[in-house]
1. Considering segment B:62-92 alone, what residues qualify as being open to solvent by 10 Å² or more (accessible area, probe 1.4 Å), over 14 Å from C:Ile226 (Cα atoms) and of a type outside the set (D, E, K, R)?
2. Quick check on segment C:63-86. Is at least one of its residues under 22 Å from C:Pro236 (Cβ atoms), more than 7 Å from chain A (Cβ to nearest Cβ) and among the hydroxyl-bearing types (Ser, Thr, Tyr)?
3. Among the candidates C:Tyr59, C:Tyr32, single out the residue that is within 7 Å of chain A (Cβ to nearest Cβ) and of a type outside the set (Gly, Ala, Ser).
4. Any idea how many residues of segment C:307-323 are touching a Gly at 6+ places or on another chain (Cβ under 6 Å) and hydroxyl-bearing (Ser, Thr, Tyr)?
5. Among all residue pairs at least 6 apart or on different chains, which show Cβ distances below 8 Å where the first residue, located in segment A:394-416, is closer than 9 Å to A:Val198 by Cα and the second is among the small types (Gly, Ala, Ser) and outside any loop (DSSP other than H, G, I, E, B)?
6. Among the residues of segment C:189-204, is any open to solvent by less than 10 Å² (accessible area, probe 1.4 Å), more than 8 Å from every other protein chain (Cβ to nearest Cβ), within 24 Å of B:His68 (Cα to Cα) and among the small types (Gly, Ala, Ser)?
7. Can you tell which of A:Ser443, A:Ser468, A:Ser457 is over 28 Å from A:Phe142 (Cβ atoms), at pLDDT below 50 and within 12 Å of chain C (Cβ to nearest Cβ)?
8. Can you spot a residue in segment A:334-355 that is surrounded by 24 or more Cβ atoms within 10 Å (Cβ to Cβ), part of a helix (DSSP H, G or I), over 19 Å from the mean Cα position of the chain (by Cα) and modelled with pLDDT of 95 or more?
Amino acid sequence: MAWNTNLRWRLPLACLLLQVAMVVLFGVFVRYDPDADASWWEEKKRRNVSSDLENEFYYRYPSFQDVHVMVFVGFGFLMTFLQRYGFGAVGFNFLLAAFGIQWALLMQGWLHHLDSEGRHILLGIENLINADFCVASVCVAFGAVLGKVSPIQLLVMTLFQVTLFTVNEYILLNILEVKDAGGSMTIHTFGAYFGLTVTCILYRRNLEQSKQRQRSVYHSDLFAMIGTLFLWMYWPSFNSAVSFHGDAQHRAAINTYCSLAASVLTSVALSSALHKKGKLDMVHIQNATLAGGVGVGTAAEMMLMPYGALIVGFFCGSISTLGFLFLTPFLESRLRIQDTCGIHNLHGIPGILGGIVGAVTAAFASPDIYGQPGFPKDVRTSRAQGKFQVFGLLLSLAMALMGGIIVGLILRLPFWGQAADENCFEDEVYWEVPEENIAGHVSEDPTLKPPALLVPSGAPAFSAVLVS
Amino acid sequence: MAWNTNLRWRLPLACLLLQVAMVVLFGVFVRYDPDADASWWEEKKRRNVSSDLENEFYYRYPSFQDVHVMVFVGFGFLMTFLQRYGFGAVGFNFLLAAFGIQWALLMQGWLHHLDSEGRHILLGIENLINADFCVASVCVAFGAVLGKVSPIQLLVMTLFQVTLFTVNEYILLNILEVKDAGGSMTIHTFGAYFGLTVTCILYRRNLEQSKQRQRSVYHSDLFAMIGTLFLWMYWPSFNSAVSFHGDAQHRAAINTYCSLAASVLTSVALSSALHKKGKLDMVHIQNATLAGGVGVGTAAEMMLMPYGALIVGFFCGSISTLGFLFLTPFLESRLRIQDTCGIHNLHGIPGILGGIVGAVTAAFASPDIYGQPGFPKDVRTSRAQGKFQVFGLLLSLAMALMGGIIVGLILRLPFWGQAADENCFEDEVYWEVPEENIAGHVSEDPTLKPPALLVPSGAPAFSAVLVS
Amino acid sequence: MAWNTNLRWRLPLACLLLQVAMVVLFGVFVRYDPDADASWWEEKKRRNVSSDLENEFYYRYPSFQDVHVMVFVGFGFLMTFLQRYGFGAVGFNFLLAAFGIQWALLMQGWLHHLDSEGRHILLGIENLINADFCVASVCVAFGAVLGKVSPIQLLVMTLFQVTLFTVNEYILLNILEVKDAGGSMTIHTFGAYFGLTVTCILYRRNLEQSKQRQRSVYHSDLFAMIGTLFLWMYWPSFNSAVSFHGDAQHRAAINTYCSLAASVLTSVALSSALHKKGKLDMVHIQNATLAGGVGVGTAAEMMLMPYGALIVGFFCGSISTLGFLFLTPFLESRLRIQDTCGIHNLHGIPGILGGIVGAVTAAFASPDIYGQPGFPKDVRTSRAQGKFQVFGLLLSLAMALMGGIIVGLILRLPFWGQAADENCFEDEVYWEVPEENIAGHVSEDPTLKPPALLVPSGAPAFSAVLVS
């Protein structure tokens, strides 16, 4: 099938329509939170607050910025490992996230942040963090379909996934009253299985024609490490960003730090152990090292204890690496799930593990440990809380599968501008890619060295020479 | 004209003289702000402050670091898009900013931060942020002359531009009492038109001889995206860094976040719509997506409302993209303005728009909205404030043009070590560029693969082969 | 000597054993700090604290994240300048730091952070920062042996160096009661001379066989600039991260900012002055510009005054650049010290200078300047404090040399999987390096341009063609 990949009218229309809709909906619904409104001086008086520092801004802003970096640089660059899809990885991630955060502000606002009259969404720093969280789950799903979908498909997917994410999140956090500060269930499990279902529905029979481009080159692997490291370093902020003030935020950061450190060592161990010459594979270092952060997403703010976090990281790093080696090929050959970035190993399994860890930790919570009223819920025993956590996990999975099927079927429609199987993972389909120039320049200054030839990433001219 | 580009004595002398002057002037004039001085315990007593957190450091430090990243990594890497000017982009930006912040601390200190006796400049975290702001306007101007000037010219330009910037800023903020928290007028408009005037005066007739190097290659575009994303992500910190504590800072971050998100979608829309095959152009994604941040610079801390911010971003992203397509070629061919990075589209027009948005928002401010004494100024009506904002904008433009002409003429002098027209955009002029080695290595370990040939970015040896 | 570089069993075993040991030791010893524990509400009551903001988390978390970025992205990418060792630079730095922080949490915990009963280590945000600091000294030492050691050797070195670092730090800070907030002595001097001693013991006679790979290529120099800039920008956070709350933290950030700015200008000046054509050398820009941060490490929180900081930066930048030009070749040829990254110039000499600056500043401290009880120590005169600072410096040097000899000898054992002299600085030894594909793809869509040839970093296929 040779679809028309010229998006000249479709992409601009989609972007402009969505953006106009955002403007109108924001105009009707969105106002500032009291902490961000010019009337804050009244709020201060009312709450009897003396210091400006009590503004929520100062509690959350540093964490917000770290999460923001994870979504745009972290996920964006992590996906630049493909040799010819760096523009698409960073650029489409940028596009979908910029749209997604706006839509998430609305959806989450309607469900979580309405004012007392129920008419307006009140926008503050916590909304921005939650919108970034929601979009992170779309970035996860993007990893599964990377290189195989058009930007229009991504916008459509974002529209639906954000909607579903918010509904799922609402049921978990507000109805089931489940704990999930770092989003093992709502972000990672949901995002991963949603993306995997979509990519399964969008199965491409002849994708091996693009296989040569579905690999990295030396420098693309280094670009991807920028993404990996910013995700890894800022993950403690991710898991603590919306926790309660004080010890909960503090503890969430510490647990995540510990878990991530452990998953680096086990990823390296298994990567080397399973290569016949003991060599390390960049794919594992780029991805499995992060599994520890996913795995403590739910339990990070709980009294997991530092050694508990290390244990979680230990297993997540190991299992994730094993997944890349054994599960990804199996999923592709048997279940027709073509998972470009291996999100099943980084977000899928560790997400489920994280949900289970959270359930177990909650189930064994006791007044001895917490001492404090509030958690475990007064009206609910620890065991009951553990059960609800498991329901939450199962529900996230169900929502992801169901939503993924529907969205996948929508994305199969032939008019979204998707590329043919043999043109996947190729920036030239949707981007004006710079041609590499071969000819040198003649310097009039004899002190300059002869012209350097530029062949960084593609050179049609002499490809012809060599191929011929 | 073949100028002598060997800077062996001139550049070291310039750097050392400037740095010695800084040491002497700092020695005579600069002391610590009470919040940074060992006597702070007395200050705490005097102000009756009980918590160390009330130290200004804790209000501003996270924002400061974000702004710092924008100046050095953001602007530095944004300009690495040129295939053979990455060292110059990052390195000269580093040099001029490192000098500029010192000179800005002095200039701004003399005008804004003298102690009560008027003898000493008091240095605190807010000075550091303002110095970074001032230098940001030099980085903007650098974008216009990128690849065409020597590092000595950049130091001279920085010396003058920082001086003028500070005077302009003083007139606007202290005499006209204009609001400009994110610097749409003082930083972006001033910086852009200053730089454009300088590049116009430095017009290079035969620049097309360097045209082949005035383009990107695949990996240089990815490096530039690092700059773009760090600018984009941290822009909320930029626009809120020096706002009043509390709601103003909070609101400025939210407005900027919204505006930037909108400009991504409209940039993508217009980039695709105006390409005959609907393909996206990296230049637009790298630059026009940021126009929303420039456009809310003045109004960010005002009660612009989230939808107002979206509208600003909507138009800034669109106009900026249109500018790259239609205005930059026009400026170059008709007005002899050779604008390497297209700063007119990213900082010039959006800066003016931002000034106008600020004036309109201020003019329609009412006690209903703000409620609070202080803004709009007690003694001035909203309408009057709006007019002053417009005066401020016009004054910034006038100062930029006037200053740009003078500085441009100074930089035309023949002894600054500038490169010939045909050697522009080439790192080899001022940098020791690594030669690429072709020969492989012979491994004694037979398990190692045959030597990998290294041809990442330039290969004189086989350029000779191919060119011949 | 052709050692066996297949690490298939050795590396996994080392990683897993160390990680299991960490889990067990954490289980036995590590608990949460009261500020991170669920019982914090009791602590709040006890300390009569009303605001959650008084939790140590809010004082230190932004600085912690900046330091974290310096360790992983800063040091990691700074070392990617080698053309074929980017994976090793970033990846091994990642591995050793992830292990090192865990071990440092334990070691520093036992010596500094035991609870009142002496049974448990209490883990809070300050421990995380100190662990990162400790690992920074390992990253420094890694710079000396970069490209010449196996990951197992690095783990062994980390194990021993962290242990020694902690003991040295304990003697300096707790017994000698020396001031060293930014670690000029404990981190930089110790790390550098430890690493230099190790590399001296590991002297490789035939290293010139790998010389061609011990250079940069164009893009690897740009990757290294990412490391440089993140180190440079966040160094104010590094030097202020564990200072006392309030003015000390504030002042440390300001002094570091000033010192770093000055060292940029003098690095540029000397780099140009000492090149026969006045060209700048990326090595100096990547490294010597940072010397100012090292040089104010000890004195940053003292009343050094801004001009004092500029003077320190002035000399550190100069001396560091001179070191790269004259000292590094001398050390290699005469003292058989093969210092891959030139850490002697960036951390060694500036570290010693920093220790001396700290001693002098402390010696001239007076109640006029500080006013405040506490520093200079009540019981100790300023002069005595100055002397103790010097003792601290000398002790750090002695510990580094002694420790370096022992660890060097351990690392000379033949079974650690080190590479042969002619295979140093080559990622293929320990990494699965992507092969570059030459063949183009045939597009069925005639609107696509002919296939781009991919030759970013290595191309065995046509290396054969050209070499033959």
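1. Correct list: B:Pro62, B:Phe81.
2. Looking through segment C:63-86, at least one residue is under 22 Å from C:Pro236 (Cβ atoms), more than 7 Å from chain A (Cβ to nearest Cβ) and among the hydroxyl-bearing types (Ser, Thr, Tyr).
3. Testing whether each residue is within 7 Å of chain A (Cβ to nearest Cβ) and of a type outside the set (Gly, Ala, Ser) leaves just C:Tyr32.
4. Residues flagged as touching a Gly at 6+ places or on another chain (Cβ under 6 Å) and hydroxyl-bearing (Ser, Thr, Tyr) within segment C:307-323 amount to 1.
5. Hits for this filter: A:Gly404/A:Gly195.
6. For segment C:189-204, residues open to solvent by less than 10 Å² (accessible area, probe 1.4 Å), more than 8 Å from every other protein chain (Cβ to nearest Cβ), within 24 Å of B:His68 (Cα to Cα) and among the small types (Gly, Ala, Ser): absent.
7. Values: A:Ser443 fails: within 12 Å of chain C (Cβ to nearest Cβ); A:Ser457 fails: over 28 Å from A:Phe142 (Cβ atoms).
Just a single option satisfies the conditions, and that option is A:Ser468.
8. There is no residue in segment A:334-355 that is surrounded by 24 or more Cβ atoms within 10 Å (Cβ to Cβ), part of a helix (DSSP H, G or I), over 19 Å from the mean Cα position of the chain (by Cα) and modelled with pLDDT of 95 or more.
The values are calculated or read from the model by the stated rules, or taken from the named source; none is laboratory data. Keep in mind it's a predicted model, so treat the numbers as computed, not measured. Every residue, glycine as well, gets a Cβ built from its backbone with ideal geometry; the counts of neighbours run over all protein chains shown. Ligands, DNA and RNA are excluded from the accessible area calculation, which covers all protein heavy atoms including side chains. Shrake-Rupley method; radii C 1.70, N 1.55, O 1.52, S 1.80 Å.
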